[in-house]
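Only one structure is covered here, and it is reproduced in the block below.
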Amino acid sequence: MRILIAEDDFASRKAILKFLSAYGECDVTVDGMEAIDAFMMAIEEDDPYDLVCLDVMMPVMDGYQALKNIRDIEREHNVSQSEQAKVIMTTALNEEKNVKMAFDLGCTVYCAKPIDVEKLRDILNKLGLTE
């Protein structure tokens, strides 16, 4: 599995990377703009990401904007819905309006911080991303 992690907080980034490394090859970015660049490069190289973990609150471009761009890139490259990257939004923002906005933009799962690795493992299993 190919995984993109977009997380500006060092401790969170390290924890997510350590956990997800067991499931596949991980690339890490520290803001939304870097995430978009990495996502676009992967699509253009015909080696797209299977999973994207996006923090909501990041510098340069937040997770919502990054998610919108990711879904736009997939549409522009005629990626079928079944082939789209699974996107897990990670955030401390759990108000209903934030959750609704994330799903409206095309996120697959909304995951509260701090990240519970057992919960994350269950999410990966439910998404069919584990072996």
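The values are calculated or read from the model by the stated rules, or taken from the named source; none is laboratory data. Quantities reported herein were computed from a predicted structural model and do not represent experimental measurements. Cβ atoms come from the backbone with ideal geometry, glycine included; neighbour counts cover every protein chain shown.
Does Leu51 satisfy the condition of being under 21 Å from Ile123 (Cβ atoms), in contact (Cβ under 8 Å) with a residue 60 or more places away in the chain and touching a helix residue (DSSP H, G or I) at 6+ places or on another chain (Cβ under 8 Å)?
yes
Taking the stretch 122-131, which residues are free of Cβ contacts under 8 Å to residues at least 24 places away in the same chain and part of a helix (DSSP H, G or I)?
Answer for the stretch 122-131, where residues must be free of Cβ contacts under 8 Å to residues at least 24 places away in the same chain and part of a helix (DSSP H, G or I): Asp122, Asn125, Lys126.
Output the residue which, of all residues in the stretch 32-61 that are within 12 Å of the chain's Cα centre (by Cα) and part of a loop (DSSP other than H, G, I, E, B), is modelled with the lowest pLDDT.
Val56
Spot the failing condition for Ala38; the list is (1) among the hydrophobic types (A, V, I, L, M, F, W, C); (2) under 22 Å from Glu118 (Cβ atoms); (3) surrounded by 15 or more Cβ atoms within 10 Å (Cβ to Cβ), and only one is missed.
(2)
Just to check your reading of the model, which residue among Leu67, Leu51 is more than 15 Å from Arg2 (Cα to Cα), crowded, with 17+ Cβ neighbours inside 10 Å and out of contact with any Asp or Glu (no Cβ under 8 Å at 6 or more places or on another chain)?
Testing whether each residue is more than 15 Å from Arg2 (Cα to Cα), crowded, with 17+ Cβ neighbours inside 10 Å and out of contact with any Asp or Glu (no Cβ under 8 Å at 6 or more places or on another chain) leaves just Leu67.
Determine which single condition Ile88 fails, assuming it passes every other condition in (1) outside any loop (DSSP other than H, G, I, E, B); (2) touching a strand residue (DSSP E or B) at 6+ places or on another chain (Cβ under 6 Å); (3) surrounded by fewer than 18 Cβ atoms within 10 Å (Cβ to Cβ).
Status for Ile88: all satisfied but (3).
Would you confirm, using the coordinates I've provided, whether Ile73 is in a helix (DSSP H, G or I), touching a His at 6+ places or on another chain (Cβ under 7 Å) and either crowded, with 18+ Cβ neighbours inside 10 Å or hydrophobic (A, V, I, L, M, F, W, C) (or both)?
no
Is there a residue being modelled with pLDDT of 90 or more, part of a loop (DSSP other than H, G, I, E, B), of a type in the set (Ser, Thr, Tyr) and closer than 15 Å to Leu4 by Cα anywhere in the stretch 100-111?
Checked against the condition, which is being modelled with pLDDT of 90 or more, part of a loop (DSSP other than H, G, I, E, B), of a type in the set (Ser, Thr, Tyr) and closer than 15 Å to Leu4 by Cα, the stretch 100-111 yields at least one hit.
What tally of residues in the stretch 3-25 results from selecting those that are within 11 Å of the chain's Cα centre (by Cα) and part of a strand (DSSP E or B)?
4
Output the residues belonging to the stretch 91-131 that are surrounded by 15 or more Cβ atoms within 10 Å (Cβ to Cβ) and over 19 Å from Leu20 (Cβ atoms).
Leu93, Asn98, Val99, Met101, Ala102, Leu105, Gly106
Quick check on this structure: which one of Glu34, Glu7 is in contact with a Lys or Arg (Cβ under 7 Å, 6 or more places away or on another chain) and touching a residue at least 12 places away in the same chain (Cβ under 8 Å)?
Just one listed residue meets the conditions, Glu7.
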